[in-house]
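The next block holds one structure in the form of structure tokens; read it before the comments.
The values are calculated or read from the model by the stated rules, or taken from the named source; none is laboratory data. Keep in mind that this is a model prediction, so the values were computed, not measured. Note: ideal-geometry Cβ built from the backbone for every residue, glycine included; neighbour counts use all protein chains shown.
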Amino acid sequence: MDERDTPQHSPGDSAQEPDLPREKGPGTGPENDPLTRPDNGPGARPGNPANAQREPTQGEAAISSTRSEPVRAAAAPDDDDRVREPSRRRFLARSGIALGGLVVGGALGALIGRETGDEGDNTAPPAADGEQQQIPANFNRALMHFSQDQFRIVDAAMERIYPADDSGPGASLLGAAFFIDHQLAGEYGFNGRDYMSPPFYAGEKQQGYQGRLKRREIYDIGIQELENYSLAAFDAGFAELTGEQQDEVLQAFESDSVGLTTISASAFFTMLRANTLEGIYSDPLYGGNANMDGWRMRDYPGNQMSYTTVIDQPFEVIEPSSLQQHMTGH
């Protein structure tokens with residue numbers, strides 16, 4: 001049919017189109033009416049394509065924004081954060097970065113920021129029943145003046161002056177050589193309290209040594225002279241000689257028959273003997289008298305704080321006490 005043959009209706013024409021049945025399709029029906037349609041949210045009917053695909057209008061967004069939303073709890077940290085956070089704290093505390101320095105990191109950094117229970121108990125476990133705790137090493141037994149060879153000669157000489165027997169240990173086991181080594185490294189060896197300025201004259205016997213040499217220098221010379229005399233007489237060093245041969249060398253020094261030009265041989269032997277006895281009977285603090293056994297052989301009580309509990313009692317042997325035992329809490 002030609003368009004010209006089609007009936008035309010003017011705007012003012014009252015003719016109405018006939019009502020024709022409409023097919024329901026997407027976007028039609030009361031559920032899509034913006035006034036009656038339920039909100040596209042938890043209450044939306046499933047299966048409706050409009051609910052899943054259509055974007056909300058501006059009016060709908062404004063209405064939705066005015067609705068109160070439930071308060072949400074703070075999100076828990078991720079598992080990775082829970083794992084890494086203690087490690088970061090421990091690293092910062094122990095390395096000292098938290099305090100800004102490496103020096104304090106070792107001492108203070110290990111104490112700051114540490115959490116109890118995350119690394120276990122670091123205290124040493126108590127000794128089991130019948131098991132004896134290990135005795136700490138005696139780091140005081142080290143040389144401060146003598147060389148290793150000098151120490152061996154002095155130790156052997158002192159052992160001949162005060163040998164071990166049935167009554168107890170000798171000078172070597174008691175550490176008398178360590179005693180004199182430590183003394184020579186300090187004020188005693190440097191004659192710190194003696195007048196050491198010239199002129200030097202040979203004094204009377206009661207006046208003692210009147211020379212320019214310090215005690216540490218006398219020992220260095222005397223030890224070398226002991227070694228020289230042993231090599232000349234027995235073709236071996238003093239420490240390698242038998243006990244009888246060592247006695248002969250010491251007796252030659254005591255009687256001043258060696259004929260030394262450097263020092264007085266008898267004066268050196270007298271000083272060596274006196275220092276041996278001092279190392280045996282002095283407080284263990286000074287390096288000798290190990291385990292206070294020198295005192296025990298003489299039934300000497302050592303450094304007692306008081307005798308008020310036994311002064312009126314019959315005599316009895318008291319276990320010796322050293323200066324270290326008076327330290328409270330140590």
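If the requirement is being over 38 Å from the mean Cα position of the chain (by Cα) and part of a helix (DSSP H, G or I), which of these qualifies: ALA157, ALA177, ALA236, ALA202?
ALA157
Selection of region 282-292 for residues being buried (at least 17 other Cβ atoms within 10 Å of the Cβ) and in a helix (DSSP H, G or I) yields PRO284, TYR286, ALA290, MET292. The condition of being surrounded by 12 or more Cβ atoms within 10 Å (Cβ to Cβ), in a loop (DSSP other than H, G, I, E, B) and either in contact with a strand residue (DSSP E or B) (Cβ under 7 Å, 6 or more places away or on another chain) or hydroxyl-bearing (Ser, Thr, Tyr) (or both) holds for only one of THR309, THR262, THR276, that being THR262.
Under 20 Å from TYR209 (Cβ atoms), among the basic types (Lys, Arg) and touching a residue at least 60 places away in the same chain (Cβ under 8 Å): is that true of ARG273 in this structure?
In short, yes.
Is there a residue being modelled with pLDDT of 95 or more, surrounded by 14 or more Cβ atoms within 10 Å (Cβ to Cβ) and touching a Gly at 6+ places or on another chain (Cβ under 6 Å) anywhere in region 186-207? The answer is no, given that none of the residues of region 186-207 is modelled with pLDDT of 95 or more, surrounded by 14 or more Cβ atoms within 10 Å (Cβ to Cβ) and touching a Gly at 6+ places or on another chain (Cβ under 6 Å). Taking first residues from region 223-236 that are surrounded by fewer than 19 Cβ atoms within 10 Å (Cβ to Cβ) and partners that are assigned to a helix (DSSP H, G or I) and among the acidic types (Asp, Glu), the Cβ contacts under 9 Å between residues at least 6 apart in sequence or on separate chains come to GLU227/ASP149; ALA233/GLU248; PHE234/GLU240; PHE234/GLU248.
Of the numbered criteria (1) within 26 Å of GLY294 (Cα to Cα); (2) of a type in the set (A, V, I, L, M, F, W, C); (3) touching a helix residue (DSSP H, G or I) at 6+ places or on another chain (Cβ under 7 Å), the one ALA185 fails is (3).
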